[in-house]
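Asks: The structure that follows is given in the form of structure tokens.
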Amino acid sequence: MSLPTLAIIGRPNVGKSTLFNRIAGKQLAIVNDTPGVTRDYRSAEAEMEGRRVQLYDTAGLEDNKKDTLFVRMREQTSRALALSDAALFVIDGRVGITPLDQSLAAWLRKQNKKIILVINKIENECPPHIRAEAERLGLGEALAISAAHGDGVRDLIHEALQLLPQRSAADKTDDNKPLRLAIVGRPNAGKSTLLNSLLDEPRVMVGAEPGLTRDSIAVDWHYGNQLIRLVDTAGLRRRSRVDTALEKMAVADTQRIIRLAEVVIVVMDVQTLFDKQDLQITQSIIDEGRALVLVINKWDLVKDKTAVRKSIEKKLEELFHNAKAVPVITLSALYGGRELEELMQAVFRVYQVWNKRISTGKLNRWLTEMTANHPPPLVGGRPIKLRYMTQVKARPPTFALWISRPEELPQSYEKYMLNHLRQDFDLPGVPLRIMRKKGENPYDKKDGKR
């Protein structure tokens, strides 16, 4: 059974995203004075007086806009409203009622939805004339709040819950934790198109305009029996080209999503393959220790597919030594097809490897055999002894290695060890890490202890 749903509706800059963040209890939506920051509707689960509710933040609605971008934004907001059990219609108490508010109120009255009228940006008493103007919109009694400061929000939540259906089964905690899967890449690589194709619905806006996605959009989605939290992110441009405060916030939001993800899909446009920014994005994901799948999009445009595929494999071998054998899926996000299934199977495989653990016994038998066949080089005429190894964590696989002189072990030998770890224990496509430790085997028995 699905959660009860509540949408936040209004014209631009009335504080919808601020209210969304306040009710959700987290800084999820980007908040900025620039009109039109929110374009797609975004969702989050919120706990409201002990009940779980699905909350939708929507794009600021404009009236009679013929521009195709605004038409698509309105379609997304209409979709969110259609999915909702009730809505909060937010107006700006400092500005008062505008003709656009009146037009949107008339539209809302036709939608056959339960509506709460919210006067935002009221830090003290609401001026009587503002309240009277608001209530002439025909949407009932208005509640005055300050989303930024939290004033009146508790009363608003209480009133909203009265409009939402009781769904007791949905209010129980879901123990099936989602696999956190992010989609990242440069602007116009096809990230949003890929998300829509995976979901088989127009969940986010797509178009030729660069930077169309600003907020990260998370969608809970079932693929087979696996719950997945799929996140579309803003396109990442070179740092030197990121020149507005809003874009900097979008970049920071995408970087936050990467840190929270478990698997990251990097979408690259085959027409500008391995651009410098593609490489920086991919390297940053490896540095964060996330599992990684590369998607080469717009594959339908490639004529000599065999030659391009060989070029991709060669380039990857040169570039990402700490994440060799990264899965590469070639597809057209626009047309979908069986390649989408191949993509999801690659996601599950790399996720399994990312979580893999190797027993200490196996590791030390491997270490003994490997150093016997190929010992570390002498440094200053003295041997370096590799004494003991254990896996200290997964996600990604991380190993502690006790060495007689850890600072003197050549980087080339550590790279050699990582390559053989990957090969001998079947760990393709994920970052591997070795932590150097000084001293004897810490688990040797001493004085009858341990």
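Asks: Which links in Lys276/Lys315; Lys177/Lys362; Lys393/Lys415 stretch past 21 Å when you go from one Cα to the other?
Replies: Listed pairs above 21 Å: Lys177/Lys362.
Asks: Between region 257-289 and region 105-151, how many Å separate their Cα centres?
Replies: The two parts, judged by their Cα centres, are 44 Å apart.
Asks: I'd like the FRET efficiency for Glu369 and Glu341, computed as 1/(1 + (r/R0)^6) with the beta carbon distance as r and R0 of 35 Å, rounded to 0.05.
Replies: 0.35
Asks: Enumerate by residue number the trypsin sites (Lys or Arg not before Pro) in region 369-445 meeting two conditions: DSSP loop (anything except H, G, I, E, B), and at most 10 other Cβ atoms within 10 Å of the site's Cβ.
Replies: Passing sites in region 369-445 are Lys445.
Asks: Test of the criteria: in region 74-145, which GluC sites (Glu not before Pro) are in a DSSP loop and have at most 11 other Cβ atoms within 10 angstrom of their Cβ?
Replies: Answer by residue number: Glu125, Glu141.
Asks: Any chance you could list the semi-axes, whole Å, largest first, of the equivalent ellipsoid that the Cα gyration tensor gives for region 360-438, using √(5λ)?
Replies: 20, 13, 12
Values quoted throughout were computed directly from the atomic coordinates according to the rules given, and no laboratory measurement underlies them. Since the structure is predicted, the reported quantities are computational estimates derived from the model, not experimental observations. Heads up, the Cβs are rebuilt from the backbone with ideal geometry, glycines too, and the neighbour counts pull from every protein chain shown.
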